[in-house]
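Worksheet for the structure shown next.
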Amino acid sequence: MMDAANFLAELIATGTIVGIRLGTSLRGVDQALKIPFAEEADEAGIGRLRRDYGLMELSFGGGPKWSCDGILMEVHRLAQQQDLIDEWRDAHNVVLPRYVTWESVRKILAVKYHLTDMEIVEQGGDIVFRSSSPRFSVVVMSSGCRRGYWPGGGDIVSIDIF
């Protein structure tokens, strides 16, 4: 079993989650993920597809030969949805708590991946940590927020790989 901090640090540092990365084909995603999803196809005809797997949303371009061009981990959903925690544990051997602190992930990024150079931006009351190599942004709740149905101060809200 992999813990949440290592799981998310690996996603941030490598851009890979359970074998899926930017450029992975739709077929490759189907083979890697054994979790139900909701799909939204582009009706405007510009070749976009989005799949919501509960904890993770993937976007695809280049239809009909779809390939992944965006990964969004909606970590905040863990606070309210025990079924997501159970689903990822059962399908991918990941132990996810209701809340994941940025500090626990950041320590692993620094020690294991030597990733410390990030831009820090305040955005709408949250703190965003960004990097252009590898390309990611992590939204973290500001220190004044209390945990409940939503993450609290210092907890990760979402991780975007682009």
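The values are calculated or read from the model by the stated rules, or taken from the named source; none is laboratory data. Remember, predicted model here, so these are calculated numbers, not experimental data. Cβ placement follows ideal geometry from the backbone for every residue including glycine, while neighbour counts extend to all protein chains displayed.
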| said: Cβ contacts < 8 Å: first residue more than 23 Å from S132 (Cβ to Cβ), restricted to the stretch 1-15; second residue of a type in the set (V, I, T) and surrounded by fewer than 17 Cβ atoms within 10 Å (Cβ to Cβ), any location; separation 6+ or different chain. Result? | reply: M1/V95; M2/V95; D3/V95; A4/V95
| message | Condition first: buried (at least 16 other Cβ atoms within 10 Å of the Cβ), in a helix (DSSP H, G or I) and more than 15 Å from the chain's Cα centre (by Cα). Can you find one or more residues in the stretch 73-85 that meet it? | response | no
| Can you name the residue in the stretch 93-129 that is at pLDDT below 95 and either within 19 Å of M1 (Cα to Cα) or among the small types (G, A, S) (or both) and is also surrounded by the most Cβ atoms within 10 Å (Cβ to Cβ) among such residues? | G125
| message | Could you go through the stretch 37-49 and let me know if any residue there is modelled with pLDDT of 95 or more, among the β-branched types (V, I, T) and out of contact with any helix residue (DSSP H, G or I) (no Cβ under 7 Å at 6 or more places or on another chain). | response | no
| message | Need pairs with beta-carbon distance below 9 Å; first residue part of a loop (DSSP other than H, G, I, E, B) and within the stretch 55-71, second of a type in the set (V, I, T); sequence gap 6+ or separate chains. | response | L55/I35; L55/V75; L55/I85; W66/V29
| field | Selection from the stretch 6-23 of residues that are among the acidic types (D, E) and part of a loop (DSSP other than H, G, I, E, B) | value | none
| field | Qualifying positions in the stretch 3-51 - surrounded by 17 or more Cβ atoms within 10 Å (Cβ to Cβ), over 26 Å from A110 (Cα atoms) and of a type in the set (D, E, K, R) | value | R48, R51
